[in-house]
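Below you'll find the structure, written out as structure tokens, and then a few comments.
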Amino acid sequence: LFSFDRVRQPLGTMQVYVTGIKEIRKVDAYTVDLVLEAPTPMLLQNIANFFIMSKAWCLKNNAGSIADYKAKDENFASRNAAGTGPYRFLSWQPDQQLKLEQNKDWWGSNSGNITELTYLPIKSASTRVAALLSGDVDLITDLPPADFFRIKEAGKLKVIEGPEVRTVFFVMDEGSDELRDSNIKGRNPFKDKRVREAMNLALDREAIKRSLMRGYSIPAGLMVAPGTAGWTAELDIPTKPDVARAKALLAEAG
């Protein structure tokens, strides 16, 4: 109940996960009733995405209210953590590093041999790869497709690959009266459905897969990816490129 009330505070950024929940009533120590404003198909997925915080920990450290991060305000929860995971929080230097140590009192089975780890945020993909190849770091994520085969063929490093539930999409601004960040002034071509359709027809998704993603992508016809609730193969049919039709639509739109 405490976590639900906290996440709904005006300064919170996770209210979207409790949208549609009118009230939460305590039944016993391990059971609650959710009272909804209306049928909410995404309820189970949403409530799994806002995290339970210790009421005692928050109140003890004056962190019961969410800090106004836009105003650069902070409270104890801004730079400290309370959890029950396999690792304990040691220290955090924003934009520099985060240090964790193995939680020997963890309730689970920790069979790994990593007793302490340091997370370094490296924004540049090329710098991340260079740090891995030089041995400065032991593991990286978000490996650029262009470097995948080079690292894999080197033989010294292990590349773990698998499906990712992510959709990369091209956004067209159809709401603004004037197209922002453009040399087109006084109008917005994307307000015209024909222009948006032409852009869709001009995209060669197979070429993007082949040239940019090095084969590590799936041309999509839906916003939701395979493995996501709501995905169906029957609807996931990507648009085939038709440059001639795209040009005709642009000419028609003027």
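Axis angle, to the nearest 10 degrees, between helix 145-154 and the longest C-alpha principal axis of the chain: 70 degrees.
Among the listed pairs LYS72/LYS185; LYS72/LYS123; LYS55/LYS104; LYS70/LYS123, a Cα-Cα separation exceeding 28 Å is found for LYS72/LYS185. With helices as the sole contributors, the chain gives -6500 deg cm²/dmol at 222 nm; each DSSP H run of n ≥ 4 counts as -39500 (n - 2.57), and the sum is divided by every residue. Name the residue from GLY186, PRO163, TYR17 whose Cα lies farthest towards the positive end of the charge dipole of the chain, charges +1 on Cβ of Lys and Arg and -1 on Cβ of Asp and Glu. The residue sitting most towards the positive pole is GLY186.
Axis of helix 193-202 versus longest Cα principal axis of the chain: the two differ by about 90°, to the nearest ten degrees. Cross-link partners of LYS240 among lysines, defined as those whose alpha carbon lies under 16 angstrom from its own and excluding same-chain residues fewer than eight positions apart: LYS209. Here the calculated FRET efficiency for THR31 and LEU120, from their Cβ-Cβ distance with R0 = 41 Å, stands at 0.45, rounded to the nearest 0.05. For GLU161, GLU206, GLU234, the sequence from fewest to most other C-beta atoms within 10 Å is GLU234, GLU161, GLU206. For the stretch 169-254, the list of trypsin sites (Lys or Arg not before Pro) that fall in a loop by DSSP and count at most 14 other C-beta atoms within 10 angstrom reads ARG180, LYS185, ARG187, ARG214. Applying 0.36 nm per residue to the separation of THR232 and LYS104 and subtracting their alpha-carbon distance, the gain on full extension is 41.7 nm.
Extension gain, THR13 to SER78: 0.36 nm times the residue separation minus the Cα-Cα distance gives 22.0 nm.
Once you charge only the Cβ atoms, +1 for Lys and Arg and -1 for Asp and Glu, what is the size of the charge dipole of the stretch 162-254 about its Cα centre, to the nearest 20 debye? Here the size comes out at about 240 debye. Spin-label model, GLN97 to GLU197: label points 7 Å out along the Cα-to-beta-carbon direction sit 5.7 nm apart. Label separation (ARG187 vs LEU44): 5.1 nm, computed from points 7 Å beyond Cα along the C-beta direction. Legend: calculated FRET efficiency, ALA146 to TRP57, from the Cβ-Cβ distance at R0 = 30 Å, rounded to 0.05, equals 0.10.
Listed by chain and number, the lysines whose C-alpha is less than 21 Å from the C-alpha of LYS60, apart from same-chain residues fewer than 8 away, amount to an empty set. Loop-located GluC sites (Glu not before Pro) across the stretch 23-100 with a Cβ neighbour count of 10 or fewer within 10 Å are GLU37, with loop assigned by DSSP. Applying both filters, DSSP loop and at most 15 other Cβ atoms within 10 Å, to the chymotrypsin sites (Phe, Trp or Tyr not before Pro) of the stretch 96-185 gives TRP106, TRP107, PHE169, PHE170.
The numbers here are math on the coordinates, done by the rules we state, and not lab data. If you're wondering where the values come from, they're calculated on a predicted model, not measured in any experiment. Note that each Cβ is placed from the backbone with ideal geometry, even for glycine, and that neighbours are counted across all protein chains shown.
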